[in-house]
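Visitor: Starting off with a structure, shown below.
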Amino acid sequence: MKDEPNSTQMAKAYAELERRIVSLQLLPGEVVSENTLSRDLSMGRTPVREALRELSREGLVVIMPKRGVVIAEIDVMRQLRLLEFRRVAERFVVESAARRASDVEKRRFANLTSEMLRASIAEDGETFLDLDRQFNEMIIEVGRNEFAAASMRLSQGLSRRFWFAYYRHYDNLSETIRLHAEIAKAISRGDPEAAGTGLNRLIDNVEAFTRATLDFESGWLRRPPETS
């Protein structure tokens, strides 16, 4: 395995580690090491180390020098504070995307809308998790504001992990997908007002979903989620 600085390798390591954390393959509170992760990913330690630093900035891991890396715990109150930020920042981004999307980009959002609705019919949460990541990257790209992009990227992994951790217990999948698809459709039509309204509806839903977890016994989060 090569151990050289490489932005492509770092991006691959980041994408895979973020996916494992968000989908709870790496559980909250779990302690991991660079060596183990490097071996699991068949990569050198340098790209893994850089990926972990980025995940630390996003609040998904806690790096403990000479002791390892801890997968961050899930914190409901922190999630509610994050939603305050998302309501403002993401409304700006989706409205900007709807205003600035080219015809080609509008078609991409139309296709994404269809894919989301298919995931809803199939009740496929894992597929939607990937589609949501694509959706976030697309609105950041099409919104064309590097400052908003940097801020949004700090919140997306935490938000998707929280939703994935609890959605099976609250029958929230179909409604969540529908609300995302509503925003994607508005962007595909170049309608900033509808995109902004859709974003507010989505955050209202996510906030209600998040508050509902306050009364939930969360000890199960240290075990793999049920798949049935």
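The values are calculated or read from the model by the stated rules, or taken from the named source; none is laboratory data. Just so we're clear, the structure is a prediction, and the values are computed from it rather than from any experiment. Backbone-built Cβ (ideal geometry, glycine too); neighbour counts: all protein chains shown. Remember, those area values only see protein heavy atoms, side chains included, never the ligands or the DNA or RNA. Shrake-Rupley method; radii C 1.70, N 1.55, O 1.52, S 1.80 Å.
Visitor: Separation of the range 93-145 and the range 16-41 by C-alpha centroid, Å?
Guide: 27
Visitor: Can you tell me the accessible area per residue over the chain, all protein chains present, probe 1.4 angstrom, in square angstrom?
Guide: 52
Visitor: Taking the Cα atoms only, what angle lies between the long axis of helix 7-22 and the longest principal axis of the chain, rounded to 10 degrees?
Guide: The angle comes out at about 80 degrees.
Visitor: In the range 51-66, whose amide N lies under 12 Å from the spot 7 Å out along Cα-to-Cβ of Phe92? List them in ranges.
Guide: Within reach of a label on Phe92, which here means backbone N under 12 Å from a point 7 Å along Cα→Cβ, the range 51-66 contributes nothing.
Visitor: While we're looking at this one, here's another question. Label-point separation (nm) for Asp75 and Asn145, each offset 7 Å from Cα along Cα-to-Cβ?
Guide: Taking the two extended label points, one gets 2.7 nm.
Visitor: Still on this structure: Rounded to a whole number, what % of the accessible area of the range 69-228 do carbon and sulfur atoms account for, probe 1.4 Å?
Guide: 48
Visitor: Please identify, among Ile121, Ile139, Ile203, the residue showing maximal mean-square fluctuation in a Gaussian network model of the chain using a 10 angstrom Cα cutoff.
Guide: Ile121
Visitor: Using a simple spin-label model with points 7 Å from Cα along the Cα→Cβ vector, what separation in nm is obtained for Glu126 and Thr8?
Guide: Taking the simple label geometry, Glu126 and Thr8 are separated by 2.8 nm.
Visitor: Work out how much length Glu84 to Glu137 would gain on full extension: take 0.36 nm times their residue separation and subtract the Cα-Cα distance, in nm to one decimal.
Guide: Contour length minus Cα-Cα distance gives 17.1 nm.
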